[in-house]
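I have placed the structure first, in the form of structure tokens, so that the comments after it can refer back to it.
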Amino acid sequence: MKLIGIPASPFVRKVGVVLTVKALEYDSEVVMPGDTSPEFRAMSPLGKIPVLVDGEFYIADSSVICEYLEEKYPEHPVMPEGAEQRARARFLEEYGDSKLIENASIIFREKFVNPVMMGQDTNLERVAEAENELLPPLLDYLESQVPPEGYLFGNFTTADISITSPIFNAEYTDYRVDPARWPKFAAFVQRVAEHPAVIKVRDAEQQVMSSMASGN
Ligand SMILES: N[C@@H](CCC(=O)N[C@@H](CS)C(=O)NCC(=O)O)C(=O)O
């Protein structure tokens, strides 16, 4: 299998973690978001990463990919049991993939991508807005959803990585979820970060990001 995209994308990381939890071997191919090559566009008509290639088959969109993986490779499930829990897991996945990424990525872009990778200025007002106004209500909601111990639904699921992956991007900077204000969610982020699949995927991501920073 091949996972296409830049590993620091929260969506690519999410799929990498699901593949790893399922013990599925895959190669990574670094493709930047918005790549215009006809080969990439043929696989990803919306121009977005990630794309998964599985033999002759390919498909884009992290949620679609994770659902495909769950159906095709049901061993080591990444969805909870039961219609209600599964619906709740999908909702939390969507919450992470939409509002949380939209706002956490402001910090990642302004304090990491722009200054470190692009040599551009950081918009400090935008960072302050994200940290003080946009993210707190989202973190309040997540604080109300995560358990004091363990994962969202017992076993580790796609929802667990979906609601933390955007935070891992913000953590490329000095940003951390404030444990004084959101103690349950801050501890949850830490627990997910310590899951063996997450450690493995983030270690590989670090290697790619370091070699990109050093130009190799
Ligand atoms: N719903 C998609 C969103 C993927 C997405 O937005 N990826 C970003 C990179 S993190 C991208 O490729 N953006 C390029 C663009 O929008 O042109 C998914 O879950 O895979």
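Things worth noting here:
- Inter-part distance, segment 144-194 to segment 1-38, computed on C-alpha centroids, equals 21 Å.
- Rounded, prolate or oblate (a/c below 1.5 giving rounded, otherwise prolate when a/b exceeds b/c) for segment 83-197 by Cα gyration tensor: prolate
- Of the trypsin sites (Lys or Arg not before Pro) found in segment 157-216, those in coil by DSSP whose Cβ has at most 13 other Cβ atoms within 10 Å are Arg176, Arg181.
- Estimated distance in nm for a label pair at Ala87 and Ser211, the labels positioned 7 Å out from Cα along Cα-to-Cβ: 4.6
- Computed with a 1.4 Å probe on the full set of protein chains, the accessible area for Val177 sits at about 10 Å².
- A Cβ-based charge dipole, computed about the Cα centre of segment 83-197 with Lys and Arg at +1 and Asp and Glu at -1, lands at about 280 debye.
- The residues neighbouring Lys14, those whose beta-carbon lies less than 9 Å from its own, together hold a net charge of -1 under the Lys/Arg +1, Asp/Glu -1 convention.
The values are calculated or read from the model by the stated rules, or taken from the named source; none is laboratory data. What you are looking at is a predicted structure, and each value in this text was computed from that prediction instead of being measured. Cβ sites come from the backbone with ideal geometry, for glycine too, and all protein chains shown count toward neighbours. Surface accessibility is based on the protein's heavy atoms, side chains included, excluding ligands, DNA and RNA. Shrake-Rupley method; radii C 1.70, N 1.55, O 1.52, S 1.80 Å.
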